[in-house]
1. Each residue of the stretch 109-124 in order: what ³J(HN,Hα) in whole Hz does its phi give by Karplus 6.51 cos²θ - 1.76 cosθ + 1.60, θ = phi - 60°, with x for Gly and Pro?
2. Search the structure for amide H atoms under 5 Å from the amide H of Thr194, placed 1.01 Å from N in the peptide plane, and list their residues when 5 or more places away or on another chain.
3. For the stretch 4-169, what relative contact order do you get, as a whole percent, if you take Cα pairs closer than 8 Å and at least 6 residues apart?
4. Over the Cα atoms of the stretch 4-169, Rg to Rh with Kirkwood Rh, two decimal places?
5. Quick one: of Lys12/Lys154; Lys48/Lys104; Lys48/Lys105; Lys105/Lys129; Lys3/Lys109, which pairs are farther than 21 Å apart, Cα to Cα?
6. Taking amide H positions as placed in the peptide plane 1.01 Å from N, state which residues far from Thr132 in sequence (5 or more) or on other chains have amide H under 5 Å from it.
7. Using the 10 angstrom Cβ neighbour count as an exposure proxy, how do Phe108, Phe157 rank, fewest first?
8. Fewest to most neighbouring Cβ within 10 Å: what's the order for Lys104, Lys154?
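Nothing in this text is a laboratory measurement; each read-out follows from the coordinates by a stated rule. As the structure is a computational prediction, the values presented were derived from the model and not from experiment. Here the Cβ is made from the backbone with ideal geometry for all residues, glycine too, and neighbour counts use every protein chain on show.
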Amino acid sequence: MSKHGWERGEIKLPSTEAVAFRHDLVNTYNQIQTRLFERAVSIHTTLKAAGKGKRNFNYFEAFEKIMGVGSWDFSADGWDELSNVLFPYEAEVSRDKRKPSTPKKKDFKLAKLSAKGLPVGGEAGITFKGSTVLWSVAENNHSVDRAHDHAMGKAFFKRLSQVKWTNRSGGEIVGNDEYNQEGRESGGGANYVTNRYGKADKQFKQSFAAVASWRKF
């Protein structure tokens with residue numbers, strides 16, 4: 001089922017944790033890149049062997065089967081990175097009639113510890129600005145789901161859950177989707193909060209508790 005949506009948020013990290021937070025994510029990203037390169041080489045070898053001596057062999061369809069997905073289902077982890085490297089052809093060119101390109105290490109570049117940003121698949125990214133980290137997912141069909149299911153997306157939210165928040169740190173991630181935007185009632189269709197951290201989460205819980213207490217009277 002279609003679900004166009006987007007997501008974005010700025011979260012201020014405690015100054016004592018900002019550097020370690022970025023370093024942890026960069027190290028995770030580099031580990032993922034290394035694994036993807038190894039997998040790309042393995043898949044390329046498998047595809048070449050499968051198509052050897054066969055006329056009109058559909059390499060892209062064979063790639064989809066290896067990834068365990070069907071047409072227009074890009075949920076498999078590493079789909080964006082692997083498909084872009086193995087089948088780096090223009091959209092108007094039918095990829096199923098082309099042989100896979102040979103993957104190279106430079107196709108899976110590693111990031112420096114001082115990196116200002118890290119991609120999360122093909123539609124999302126993490127940006128570092130001082131002690132503030134930004135999470136951004138472009139509007140597209142199931143782009144939010146894919147970003148959260150991506151290995152880097154999982155690592156990002158897991159690392160956020162480990163932060164020891166201070167009174168001056170935290171923030172919110174907001175988003176919207178096509179179903180929510182259909183709301184026609186007062187206030188309907190507005191952006192909504194998907195995650196709260198630190199000070200923002202504390203303030204929300206306090207206001208919620210205050211409302212709950214008031215309703216008892």
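1. 4, 8, 9, 7, 4, 8, 3, 8, x, 9, x, 10, x, x, 10, 9
2. Ile173, Val174, Gly175
3. Result for the stretch 4-169 is 40 percent.
4. Ratio of gyration radius to Kirkwood radius for the stretch 4-169: 1.04.
5. Correct reply: Lys105/Lys129; Lys3/Lys109.
6. Here the answer is Leu13, since their amide H atoms fall under 5 Å of that of Thr132.
7. Ascending Cβ contact count within 10 Å gives the list Phe157, Phe108.
8. In increasing order of surrounding Cβ atoms, one gets Lys104, Lys154.
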